[in-house]
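Here's the structure we're looking at; comments come further down.
The values are calculated or read from the model by the stated rules, or taken from the named source; none is laboratory data. This one's a predicted model, so the numbers in the text were calculated from it and none came from an experiment. All Cβ positions, even for glycine, are placed from backbone atoms using ideal geometry, and neighbour counts span all protein chains on display. Surface accessibility is based on the protein's heavy atoms, side chains included, excluding ligands, DNA and RNA. Shrake-Rupley method; radii C 1.70, N 1.55, O 1.52, S 1.80 Å.
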Amino acid sequence: MQALYAQLLVGLINGSFYALLSLGLAVIFGMLNIINFAHGALYMMGAFVAYFLLNNDYLSIGYWPALIIAPIVVGIFGMILERTMLQWLTGLDHLYGLLLTFGMALIIQGVFQNYFGSSGLPYAIPDQLKGGMNLGFMFLPVYRGWVVVFSLVVCLATWFLIEKTQLGAYLRAATENPTLVRAFGINVPRMITLTYGLGVGLAALAGVLSAPINQVRPLMGADLIIVVFAVVVIGGMGSIMGSIITGFALGVIEGLTKYFYPEASNTVVFVLMVLVLLVKPTGLTGRAA
Amino acid sequence: MTALTEQTLPVTSRAMRDEMIVFVFMALALAAVPFTGIYPFFVMQALCFALLACAFNLLIGYGGLLSFGHAMFLGTAGYCSAHALKVWALPPELGILAGVAAAFVLSIVTGYISIRRQGIYFSMITLALSQLLYFIYLQAPFTHGEDGIQGIPQGHLFGIFDLSKPTVLYYVVLVGFLAGFLLIYRIINSPFGEVLKSIRENEQRAISLGYRTDQYKLLAFILSGTLAGFAGSLKVFVAQNASLTDVHWSMSGEVVLMTLVGGLGTIFGPVVGAFVIIAMQQYLASYGQWVTVIQGAIFVICVLTFRRGVVGEIAHYFRRSL
């Protein structure tokens, strides 16, 4: 039973990364109509920024400030990308957005691979979150519990921001009809840039969270992003809440598979995707594309 | 949704004549390769990728469907051909047939699943399906995991042509490529190809005209996947191995890049693109991971400034369809 609970926990943690990443993708897709293929690379950048902050002799900034600084740094980087490149694709077929962000992902990953090789760099768990708790039925490493709770809070906060606040209302209105929202005197291009920054920041935040668990390495986002794409197809990316729930649920299902039938743990998400598509092509919470 | 590619010019006798002249020129130039100092293995490899890119282009350039998982057909056909040749000791022609048949079956299944969604969702589904196959091949015993299937016997095609001789192999690959190319050319210029183009331009209107667009798209997917499989089978004879690299999703990305560089929706574009990218990899190999960065940069530049690709720009300049 111990092993089952351990796998469930691993599943929940992976689920939090899936949820944070697919949430960011959903936010970006809503405003820019682009599937951000560079999302995995920016997630990796988040982890690397945290690593630099800690290991630079002059800075040696630890985990807690990095949790705020890294998403901001990567978010600003993302906004620069949006202003210099993505902006020029407005009105074109959204396949071009996919291709452009794919190219950006190759560049970012390639540069990091040149400087750091492909092997992983260690990142220590912060002192406050070391050790574990005995829950009676299982042993819970504190850091892992923290990741699950914190990402859940961030997901819900993002949901609240978009669905319940004035700013979110503008955002949703601009997705529906940018011209009209512009006529009301709202700077839509700036909002798009900020939205891309927000989505990218969420990816970077996931990167910082994952740094102490998974090693920091240039390709850490490359394979993860394809699983997240499958999560997005299953969830349908129709609603913000939908991508959060699908993300966590699929992580848990993956964890259960690892316990009962480990051979299929790499493929279960893709198999689920096929099954969902056969029954409901729009995805679980999706609208028609 | 704006059109993905330039509106193709109407098929006129002049366009057909232009294309035929270029085709004959291309065939003659490729046939002359063994008499020049060019390394034949490089050209053979490029021809396999050119056929793959042409098959991919059939789907995106004429059907508007961006498959991000075409490596799965290349890799599956490669593995099946390699297994048939090495373990079952089949002659080359049956080995190729086994690979193409596997790609055919795979394209029916994956096509049926993926055409249920459109646009970027279609791309993401094909990508996920190819990653599913990647993990299966990683674990399946017959593919030998990370090692791949190596030392594949080349044998005698139809019992006559000795494929272990580089020149013979070169002409066999060339004939295979030209046959595949002409088949794709024929498909594009058939009534089926015209319907496909109308679906790309405006699917709703095609539906309202009474076409069952899903069936057309599925057929295009099957044709494209099967031809991509044919490229994978030919590649086995050139490389004499089948490995995980051919199924990995980065290979699918390379195919997209080749087609984009050459020109989406142009007939000769994918061939030019494949030669450009393979030559680049060959000559920049010593730069290690910078090759990835350069490829990424080409992607970005093509999408931002150079959307028609090499052949597309030339054709646009001369106002011809190529």
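Yes or no: segment A:251-261 includes at least one residue that is open to solvent by 30 Å² or more (accessible area, probe 1.4 Å), free of Cβ contacts under 8 Å to residues at least 12 places away in the same chain and more than 25 Å from A:A174 (Cβ to Cβ).
The first filter runs over segment A:251-261 and keeps only residues open to solvent by 30 Å² or more (accessible area, probe 1.4 Å), leaving A:252-253, A:256, A:258-261.
In the following step, the residues that additionally are free of Cβ contacts under 8 Å to residues at least 12 places away in the same chain were identified as A:260-261.
After this cut, where a residue has to be more than 25 Å from A:A174 (Cβ to Cβ) as well, the list is A:260-261.
Yes: segment A:251-261 contains one or more residues that are open to solvent by 30 Å² or more (accessible area, probe 1.4 Å), free of Cβ contacts under 8 Å to residues at least 12 places away in the same chain and more than 25 Å from A:A174 (Cβ to Cβ).
So the check is Cβ under 8 Å with 6+ separation or different chains; which pairs have a first residue in segment A:36-53 that's closer than 26 Å to A:G97 by Cα and β-branched (V, I, T) and a second one that's assigned to a helix (DSSP H, G or I) and open to solvent by 10 Å² or more (accessible area, probe 1.4 Å)?
A:V49/A:I69; A:V49/A:V73
In segment A:119-151, which residue that is part of a strand (DSSP E or B) and closer than 16 Å to A:G11 by Cα is most open to solvent (accessible area, probe 1.4 Å)?
By that ranking, first place goes to A:F139.
With the condition being at the interface with chain A (Cβ under 9 Å from one of its Cβ atoms), I'd like the helices (runs of 4 or more DSSP H) fully within segment B:247-317 carrying at least 3 qualifying residues.
Numbers: elements: B:249-262, B:269-284, B:290-305.
Ranges flagged: B:249-262, B:290-305.
Are there any helices (runs of 4 or more DSSP H) wholly within segment A:1-103 with 3 or more residues that are on the phi > 0 side of the Ramachandran plot, and if so which? If you could, list the steps in order and put the result at the bottom.
Working: elements: A:2-32, A:39-55, A:63-84.
Ranges flagged: none.
Please pick out the residue among A:F37, A:F112, A:F116 that is of a type outside the set (S, T, Y), surrounded by fewer than 19 Cβ atoms within 10 Å (Cβ to Cβ) and within 14 Å of chain B (Cβ to nearest Cβ). Full working, then the answer.
On the way: A:F37 fails: surrounded by fewer than 19 Cβ atoms within 10 Å (Cβ to Cβ); A:F112 fails: surrounded by fewer than 19 Cβ atoms within 10 Å (Cβ to Cβ).
Only one candidate qualifies: A:F116.
Within segment B:129-147, does at least one residue satisfy the condition of being open to solvent by 30 Å² or more (accessible area, probe 1.4 Å), within 18 Å of A:F270 (Cβ to Cβ), within 13 Å of chain A (Cβ to nearest Cβ) and of a type in the set (S, T, N, Q)?
Yes: one or more hits.
Identify all residues within segment B:112-153 that are touching a Lys or Arg at 6+ places or on another chain (Cβ under 7 Å) and farther than 18 Å from A:I234 by Cβ; write none if there are none.
Narrowing segment B:112-153 to residues touching a Lys or Arg at 6+ places or on another chain (Cβ under 7 Å): B:115, B:125, B:149, B:152-153.
Answer for segment B:112-153, where residues must be touching a Lys or Arg at 6+ places or on another chain (Cβ under 7 Å) and farther than 18 Å from A:I234 by Cβ: B:I149, B:I152, B:P153.
For segment B:207-220, does any single residue satisfy the condition of being surrounded by fewer than 17 Cβ atoms within 10 Å (Cβ to Cβ), touching a helix residue (DSSP H, G or I) at 6+ places or on another chain (Cβ under 8 Å) and not hydrophobic (A, V, I, L, M, F, W, C)?
Yes.
Taking the criterion of being within 17 Å of A:I68 (Cα to Cα), assigned to a helix (DSSP H, G or I), of a type in the set (S, T, N, Q) and open to solvent by less than 60 Å² (accessible area, probe 1.4 Å), would at least one residue in segment A:227-243 satisfy it?
Going through segment A:227-243, the residues within 17 Å of A:I68 (Cα to Cα) turn out to be none.
No, that holds for no residue.
Name the one entry in A:G242, A:G221, A:G236 that is closer than 11 Å to A:L284 by Cα and within 14 Å of another protein chain (Cβ to nearest Cβ). It would help to see each step written out before you state the result.
Details: A:G242 fails: within 14 Å of another protein chain (Cβ to nearest Cβ); A:G221 fails: closer than 11 Å to A:L284 by Cα.
After ruling out the rest, the residue left standing is A:G236.
Identify, from the list A:G197, A:G207, the residue that is at pLDDT 90 or above, under 25 Å from B:H248 (Cβ atoms), crowded, with 18+ Cβ neighbours inside 10 Å and not basic (K, R).
Details: A:G197 fails: under 25 Å from B:H248 (Cβ atoms).
After applying the criteria, what remains is A:G207.
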